[in-house]
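Asker: Below is the structure I would like to discuss, written out as structure tokens.
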Amino acid sequence: MVTFCEFMRQAAGSDREGYYTRHAGIGHEGGDFYTAPETSPAFATLLALQIGEIDRALGSPDPFYLIEAGPGNGTLMDDLLSIFRKADPAFYARVSPILFELPGVLEKRQRERLSRWDLPHPPRWIAPPNPSNNNLTKTEALPLPGSGVVLGNEFLDALPVHRLRVNRGGWEECYVVKGDSGDLSYVWGELSDPALQVALSEGFGSDLSRREGQETEICLEIPGVLGFLDGFLERGFMLWIDYGDIGEELRSERRREGTLLAYKKHKVSGELLESPGKTDLTAFVDFSRVAGTLSTLGFRLEGYTDQMSWLMGLGFEEWVSANADRLSPEDLKNAGILLHPLRMGRLFKVLLMSRGLQERLSFSGFRFGGLRLPVGEDLPSGEC
């Protein structure tokens, strides 16, 4: 018997049968899900503009660390390098791509895809910390701290979470057990980690009288992952794009059943135990927790908004106008998915935070205003 969190960790990253180490069906054709970079080139083009603003805010360092967490098939990094080489060769010469990935099939795809780039600062790979022994699994020597940006698109949602529910006025945790026939099933028991009770008390309080039956998820790995990535930055930014919301919303009545989902062959399912290692498991990101963690690391909030507003602020309409003669109806439809309120536009949020900058700057992606991000009164906040 293991916690659901451990089941999710093994299903995602096991050396022998993990989804992201062995299977990883990312993309429209033959995949289980697709991300924004596979949906439309508008995403990488507009993201490149945001990265350009970040580079200027840092004083154009050489090298400029472009650290991508969870690079998938390497699509986004490949697109960004192509854009930089054409639009700003001087910046291209300073970019140092660093890919944060589990060793396995995805790293292999990324290496193959990026092998065509003759960069002054060749791509490097770093692997996540190993939670079983707190040592680092390395594919090569780790980079020394530098200046740049850590970015992740649909990365945080795949981190393993503890699954919890209120039963008879108290909290209990979900475990996964394998029967004699090999079938997997749930059992509920005591909390496996005292940190869970602390987080639950902070989020839900002590009065659970109206919470009976409510489920929720908590990701205890966020501080470790963000702290590990922060170790590569002397000065810089973190830019996280993912589906999620503030903690208050994720704990609300409309999320009584939690947010865990399984994706297989572009179909969404609640059958989380079906085909482990061949199904993508995800949970909504608690952006309050992410921002609060980064604040403790010395980061300042620069902006928080939804993907639709972010892309519009970066010039989505201008991109459509500039490429109108080359965009087919299908291209326009796919680009629209990035903004559609019922698809990626509202569901996905964008969080930008900085560390080591004195001057307050404005970033185009947040010029249309931002969303409320309550993470404590002591969080340094920019104009968003």
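Asker: What relative contact order, as a whole-number percentage, does the chain give when Cα pairs under 8 Å and 6 or more residues apart are counted? Can you show the working numbers first?
Answerer: On the way: 732 pairs, mean separation 75.1, N = 384.
Here the relative contact order equals 20 percent.
Asker: Right, another one. Considering only DSSP beta bridges with both partners in the chain, what is the antiparallel share in %, to the nearest 5? Present the calculation step by step, with values, prior to reporting the outcome.
Answerer: On the way: 37 of 65 bridges.
Of all bridge pairs located within the chain, approximately 55 percent are antiparallel.
Asker: What share of all Cα pairs of the chain, in percent, falls into each consecutive 10 Å distance bin?
Answerer: The calculated distribution, bin by bin, is 5, 23, 33, 27, 10, 2, 0.
Asker: Cα-based Rg of segment 33-85 per 2.2 N^0.38 Å, rounded to two decimals? Write out the running numbers ahead of the final one.
Answerer: Values: Rg = 11.6 Å, N = 53, 2.2 N^0.38 = 9.9 Å.
Normalised Cα radius of gyration, segment 33-85: 1.17.
Asker: Which is the longest part of the chain that has none of the GluC sites (Glu not before Pro) sitting in a DSSP loop with at most 15 other Cβ atoms within 10 Å?
Answerer: Working: sites that count: Glu17, Glu29, Glu140, Glu190, Glu212, Glu271, Glu274, Glu359, Glu377, Glu383.
The reported range is 30-139.
Asker: Using the count of nearby Cβ atoms within 10 Å as a rough guide to exposure, how do Leu106, Leu327 rank from fewest to most? Provide the component values of the computation, followed by the final result.
Answerer: Numbers: Leu106 23, Leu327 18.
Least to most surrounded, the residues fall as Leu327, Leu106.
Asker: Sticking with this one: Quick one: order Asp180, Asp88 by neighbouring beta-carbon count within 10 Å, fewest to most.
Answerer: On the way: Asp180 5, Asp88 15.
In increasing order of surrounding Cβ atoms, one gets Asp180, Asp88.
Asker: Counting other Cβ atoms within 10 Å, which trypsin sites (Lys or Arg not before Pro) in segment 304-365 have at most 12 and lie in a DSSP loop? Show your work: numbers first, answer last.
Answerer: Numbers: sites: Arg326, Lys333, Arg343, Arg346, Lys349, Arg355, Arg360; in loops: Arg343, Arg346, Arg360.
Those that pass, being in a loop and sparsely packed, are Arg360.
Asker: A further question on this structure: Mind checking the alpha-carbon convex hull of segment 60-202 and giving the volume per residue in Å³?
Answerer: Working: hull volume 25.0 nm³, N = 143.
Convex hull volume per residue, Cα atoms: 175 Å³.
Asker: Moving on. Mind listing the long-range amide H neighbours of Ile126? Cut-off is under 5 Å, sequence gap 5 or more, other chains count too, H placed in the peptide plane at 1.01 Å from N.
Answerer: Leu99, Phe100, Glu101
Asker: OK, next. What size of dipole, in debye to the nearest 20, comes out for segment 245-336 about its Cα centre when the only charges are +1 on Lys and Arg C-beta atoms and -1 on Asp and Glu C-beta atoms?
Answerer: Numbers: 12 positive and 16 negative charges, 78 e Å.
I would put it at about 380 debye.
Asker: Quick one: what do you get for segment 241-384 if you divide its Cα Rg by 2.2 N^0.38 Å? Before the final figure, lay out each step's value.
Answerer: Numbers: Rg = 17.7 Å, N = 144, 2.2 N^0.38 = 14.5 Å.
That works out to 1.22 for segment 241-384.
Asker: Using only C-alpha atoms and all pairs of different ones, pull out the Kirkwood radius for segment 144-296 in Å with one decimal.
Answerer: When all Cα pairs of segment 144-296 are included, the Kirkwood radius is 17.1 Å.
Asker: For segment 87-124 and segment 345-367, write down the distance between their C-alpha centroids in whole Å.
Answerer: The two parts, judged by their Cα centres, are 25 Å apart.
Asker: Another question, then. Whole angstrom only: what separates the Cα centroid of segment 152-176 from the Cα centroid of segment 271-344?
Answerer: Answer, in whole Å: 23.
Asker: Computed from the mean reciprocal separation of all distinct C-alpha pairs, what Kirkwood hydrodynamic radius does segment 1-106 have, in Å?
Answerer: Values: mean 1/r = 0.0643 Å⁻¹.
Hydrodynamic radius (Kirkwood, Cα only) of segment 1-106 equals 15.5 Å.
Asker: Also, quick follow-up: Looking at this model, which pairs from Lys108/Lys178; Lys108/Lys267; Lys267/Lys333 are more than 22 angstrom apart at the alpha-carbon? Don't skip to the answer; put the middle values down first.
Answerer: Working: Lys108/Lys178 32 Å; Lys108/Lys267 26 Å; Lys267/Lys333 20 Å.
Result: Lys108/Lys178; Lys108/Lys267 exceed 22 Å.
Asker: Go ahead and estimate [θ] at 222 nm for the chain from helices alone: -39,500 (n - 2.57) per DSSP H run with n ≥ 4, summed, over the residue count, rounded to 500. Show your work: numbers first, answer last.
Answerer: Values: 13 runs with 118 residues, N = 384.
So the calculated ellipticity at 222 nm is -8500 deg cm²/dmol.
Read-outs: derived from the displayed coordinates by stated rules, not from any lab. Since this is a predicted model, take the numbers as computed values, not measurements. All Cβ positions, even for glycine, are placed from backbone atoms using ideal geometry, and neighbour counts span all protein chains on display.
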